Each structure stands twice: as C-alpha cells, then as structure tokens.
Amino acid sequence: MSEKINRRILITNDDGIDADGLIRLVEEALNFGEVWVIAPKDQRSAASHSITLRDSIDVYPYPEFPVKGVKAYHCSGTPADCVRVGVRKIMPYKPDLVLSGINYGYNAATDLQYSATVGAAFEAAFQEVHAIALSEGFSMCHEVTDKYLHEIIAKLIDTPLGYGQVHNVNFPDCPLGECKGVLYDMKVSHGYYYEDEYNVIKELNDGGVRLMVEGHRRNESEEGTDFRALAENYVSVGIINNIG
C-alpha cells in the first residue's frame, strides 16, 4: 500500500496561499495523511531557491483557509522560507513529505532554475524530506490534473530519491480527451520553454529606462524530455537534482 493515514505532509507553493492549485493539492493530500500548509501570503513566482537572511519572517495562522482539517499559515518569506520554517520551527515534528504546487504554469526545461515551486521542493530535499513539485499549464481546464493527481502522488510518495533529488511533475494544458497518458523518467530539456525579451515601457530621467519582460513560447524540444512530453500532451514525470 502506498497510502497510509499517518503521514505528515507539508504543502507550499509560489502562487500564494489563496491559489486554486494549492487548494486542490491540499484536498488531494488529505487522502494521504495529516496536512500542514505554510505558503506565501502573495505571489512569489520566479523566486527560485532564495531564502530570507537579513529580514524577519512573519508567519501567521490562516483560519480562513477553505479546506477544513488542515493547519494553515501564511508567510512573508519565499516558498523556500516556508519549507525551512515549517520543518525547523512551526511543525512540532519533521514532515514525511513536502508537496509544492500545484503551480500555475509549467516548470520544465531550463526554466526550472527560476522556479520557486521547484526551489521549495529542493529546500525540502536539503532538509532531508521527500519532495514532489507539481505544475500545470496556464489554463482553467484541470481535467488532466484531476484525472492523474492521485495516481501520481500515490506512486511517487514511496519511490526512493537520491541525495538532493526531487520529483518534478507537469500536467499538460489540454482537455483530458487529448491527453495521451503519463510518461515517467523524463529528462530535463536543455532548451528553454520561454524566450524572453525586455521592452522599454518608459524613458527615465538621466538616461535610464524602465523595462518589462515579455516571454515568447518556444516549440523546439528533444526526444525523451519534459518539454517534448508536454508538447505532445503527455503528463511529464521526472527526477531532478540540484546538487552535484
């Protein structure tokens, strides 16, 4: 049996504590054990694995969290901070599992280096806690995620990981009828999912400029990679490592 009711699970994200993806993940996680939520108060995407060292971190109980039966807190820090304070201070015992997500937008290819969803999972690995990062496409259609979320968590929750490794799961942005299934052991594409350019939105005094980033989705990807799996409407599951 991969499921058991006595697991202690810590959940965070980078979209903020009120994000729909977080709420859906918490609802599913209750099938696997006791759930604690420590998540940023607001949006913290692209914070990578950054942590707070020179400022204080405020952590507040969040009784308004819509899922009953969980202990929920919002945190002024980064997603990685949420894991650190959860493991080292807030929870009275070390969690058995950290889930990070469900992120709004893929975390695949070399864009992984910017992901605070993945950064939080890596922080769990550094704290020697089994971790799974989960993401889905920019869509209000959650049919694929809803179909496979329980199955994938149940499989990965007991799948061994090496030092510094985490599971990385991406659900494709398509209706369930167009999804071709789940591909495991996907490698990280060496390409990048979005090609960014910086547009000048205002000329500033003394020769300065104000810039705004604009991302353009790329289509090139290698066979057997996370990027290719998503492009072909598969759920991509792989193991990633942030330590040499």
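Yes/no matrix, rows are residues, columns are (1) touching a helix residue (DSSP H, G or I) at 6+ places or on another chain (Cβ under 8 Å); (2) of a type in the set (Phe, Trp, Tyr); (3) modelled with pLDDT under 95:
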| residue | (1), (2), (3) |
| --- | --- |
| Val87 | yes, no, no |
| Pro92 | no, no, no |
| Gln113 | no, no, yes |
| Val129 | yes, no, no |
| Ser135 | yes, no, no |
| His150 | yes, no, no |
| Leu156 | no, no, no |
| Asn168 | yes, no, no |
| Phe171 | yes, yes, no |
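For segment 22-69, a tally of residues being more than 30 Å from Gly215 (Cα to Cα) and small (Gly, Ala, Ser) returns 4. Determine whether segment 46-60 contains at least one residue that is in contact with a Leu (Cβ under 7 Å, 6 or more places away or on another chain) and either without any contact (Cβ under 8 Å) to a residue 40 or more places away in the chain or surrounded by fewer than 17 Cβ atoms within 10 Å (Cβ to Cβ) (or both). No, there is no match, as no residue in segment 46-60 is in contact with a Leu (Cβ under 7 Å, 6 or more places away or on another chain) and either without any contact (Cβ under 8 Å) to a residue 40 or more places away in the chain or surrounded by fewer than 17 Cβ atoms within 10 Å (Cβ to Cβ) (or both). Pro79 falls short on exactly one of the conditions (1) on the phi > 0 side of the Ramachandran plot; (2) touching a helix residue (DSSP H, G or I) at 6+ places or on another chain (Cβ under 9 Å), and that condition is (1). Residues in segment 5-23 that are more than 19 Å from Gly119 (Cβ to Cβ) and either in contact with a Leu (Cβ under 8 Å, 6 or more places away or on another chain) or in a loop (DSSP other than H, G, I, E, B) (or both): Ile5, Asn6, Arg7, Arg8, Asp18. Among residues belonging to segment 211-235 that are within 16 Å of Asn170 (Cβ to Cβ) and in a strand (DSSP E or B), point out the one that is modelled with the highest pLDDT. It comes out as Val235. For segment 24-66, filtered to residues that are in contact with a Pro (Cβ under 8 Å, 6 or more places away or on another chain) and of a type in the set (A, V, I, L, M), the residue that is nearest to Leu112 (Cα to Cα) is Ala47.
Taken together, the residues in segment 161-179 that are of a type outside the set (Gly, Ala, Ser), touching a strand residue (DSSP E or B) at 6+ places or on another chain (Cβ under 9 Å) and surrounded by fewer than 14 Cβ atoms within 10 Å (Cβ to Cβ) amount to 1. Does segment 201-210 contain any residue that is surrounded by fewer than 19 Cβ atoms within 10 Å (Cβ to Cβ), part of a loop (DSSP other than H, G, I, E, B) and acidic (Asp, Glu)? Scanning segment 201-210 turns up no residue that is surrounded by fewer than 19 Cβ atoms within 10 Å (Cβ to Cβ), part of a loop (DSSP other than H, G, I, E, B) and acidic (Asp, Glu).
Of all the listed residues (Val35, Val67), the sole one being part of a loop (DSSP other than H, G, I, E, B) and at pLDDT 95 or above is Val67.
The values are calculated or read from the model by the stated rules, or taken from the named source; none is laboratory data. Since we're looking at a predicted model, the values are computed, not measured. Here Cβ is always computed from backbone atoms with ideal geometry, including for glycine, and neighbour counts include all displayed protein chains.
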